[in-house]
Amino acid sequence: MTRARADIPTIDGSHGEGGGQILRTALALSIIARRPVRITNIRASRAKPGLMRQHLAAVKAAAEVSTARVEGAAIGSRELVFAPGEVRPGEFAFTIGTAGSTMLVLQTVLPPLMMASAPSRVIIEGGTHNGMAPPFDFIERAFLPMIQRMGPTVAARLDRFGFYPAGGGRVVIDITPAPLARVDVTSRGETRSVSGIAIHANLPRHIVDREIAKVQERLGWPTESLRGVEVRGASSPGNAVILVVESEHVTEVFSSIGAVGVSAEEVADRAIAEVRDYLRVGAPVGPHLADQLLLPMALAGGGTFRTGRLTPHAMTNIAVIRHFLDVPISEETDGESVLVRIGS
């Protein structure tokens, strides 16, 4: 594991993209490093700054897994003091209470739990397919296989879908810790398969039929690789297009979430555009997976990956990691791609 820095950081939540990523990464690293942290100007760049319900759920989840002392844990709070104790593996259940992303709450507690002394089970209720966060499918098929290559075993199960505005989704995550090992993802390798699903809940079937038709038209993927999925029992209407490119060394997942006033064709086009950009650039790691890989690779003490670009989220993540861990992170640009090197 990377050596922790000796100083006690105060994190400015207005840095970089100024969103909830700063909070989640800082909480995870505070727990792992066993060092308190003060976070100021939380989500300062957002229209509604301060802690929203899903961010508060992440704070409470982080506090529960680490028996932490917390000041400022309230809706709208712009400053938080978090003083963790020892990580306490076990079974946890967290409820967001809205369609706030279950996956972002998981992002906060997964790093310390996959480095804990014993297995854990985490159950989170809230949103599973949220336009402002990675959907369950991305975490399950793109991110967690990378974690498994590093050592820990993490199995994710989707019990219920949760769409905006009601949420009501339920995910179950089983975590078996193991030492983190270096991983290098610098080439995609041979493309093994492409596939896609169009999901609809409490909406007419023709919506997903139109989305599938648009994917076929613009990507030329075979009919048998695409299907519509009807979700029954969802708390609110919902629609999502999930496109998967499985290659020899990496699987990437691209998504678009339906919204009121957005046509089925436009929903499909958003995911299609991400796929086409990914295939054109040729780098194995897409922008969202790049963001997710930074922290586990830094905790492993090393790793490399090639991506098309580093998002503002990723650059902010790097800045927060540097507050806690003494690990070099560099970027080497080569045409349209960037090689990110972590460690020596």
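Determine the gain in length on full extension of the stretch ASN202-GLU71; use 0.36 nm per residue of separation and subtract their C-alpha separation, reporting nm with one decimal.
In short, 43.0 nm is gained.
Within segment 176-212, name every residue whose backbone N is under 13 Å away from a label modeled 7 Å from Cα of GLU230 along the Cβ vector.
200-209
For the pair GLU331/ALA181, report the inter-label distance in nm, with labels modelled 7 Å from Cα in the Cβ direction.
Roughly 3.0 nm, to one decimal.
Of all accessible surface on the chain at a 1.4 Å probe, what whole percent is carbon and sulfur?
About 49 percent, which is the carbon plus sulfur part of the accessible surface.
About its Cα centre, what dipole magnitude does the chain give when the only charges are +1 on Lys and Arg Cβ and -1 on Asp and Glu Cβ, stated in debye to the nearest 20?
For the chain, the charge dipole is close to 780 debye.
Classify segment 47-118 from the C-alpha gyration tensor, please: rounded if a/c falls under 1.5, else prolate or oblate depending on whether a/b exceeds b/c.
Judged from the Cα gyration tensor, segment 47-118 comes out oblate (a/c at least 1.5, b/c at or above a/b).
For the chain, with the dipole built from +1 on Lys and Arg beta-carbon atoms and -1 on Asp and Glu ones, taken about the Cα centre, which of SER235, TRP221, ILE123 lies farthest toward the positive end?
Of the options given, the answer is ILE123.
How far apart, in nanometres, would the label points at GLN148 and THR10 be if each is projected 7 angstrom from Cα along the Cα-to-Cβ direction?
A separation of 4.5 nm, rounded to one decimal place.
Who wins for biggest fluctuation among GLU332, GLU17, GLU224 in a Gaussian network model of the chain, springs between alpha carbons below 10 Å?
Of GLU332, GLU17, GLU224, the most mobile in the Gaussian network model is GLU224.
Zone of SER247 (label point 7 Å along Cα→Cβ, backbone N under 12 Å): which residues in segment 177-220?
From segment 177-220, the list is 185-193.
What nm value, rounded to one decimal, do you get for the distance between ARG88 and ALA166 when each label is placed 7 Å out toward the C-beta?
Computed distance between label sites ARG88 and ALA166 equals 3.4 nm.
Given axes a ≥ b ≥ c from the Cα gyration tensor, I'd like to know whether segment 103-253 is rounded (a/c under 1.5), prolate (a/b larger than b/c) or oblate.
Here segment 103-253 falls in the oblate category.
Would you mind working out the accessible area per residue for the chain, using a 1.4 Å probe, and quoting it in Å²?
That works out to 41 Å² per residue.
Return the label of the correct value of mean projected area of the Cα convex hull in nm², as calculated from the structure shown, out of (i) 16.8; (ii) 21.0; (iii) 15.9.
(iii)
The values are calculated or read from the model by the stated rules, or taken from the named source; none is laboratory data. Bear in mind the structure is a predicted one, so any value in this text is a computation, not a measurement. Here Cβ is always computed from backbone atoms with ideal geometry, including for glycine, and neighbour counts include all displayed protein chains. Ligands, DNA and RNA are stripped out before the accessible areas are found, and what is left, the full protein with its side chains, is counted by its heavy atoms. Shrake-Rupley method; radii C 1.70, N 1.55, O 1.52, S 1.80 Å.
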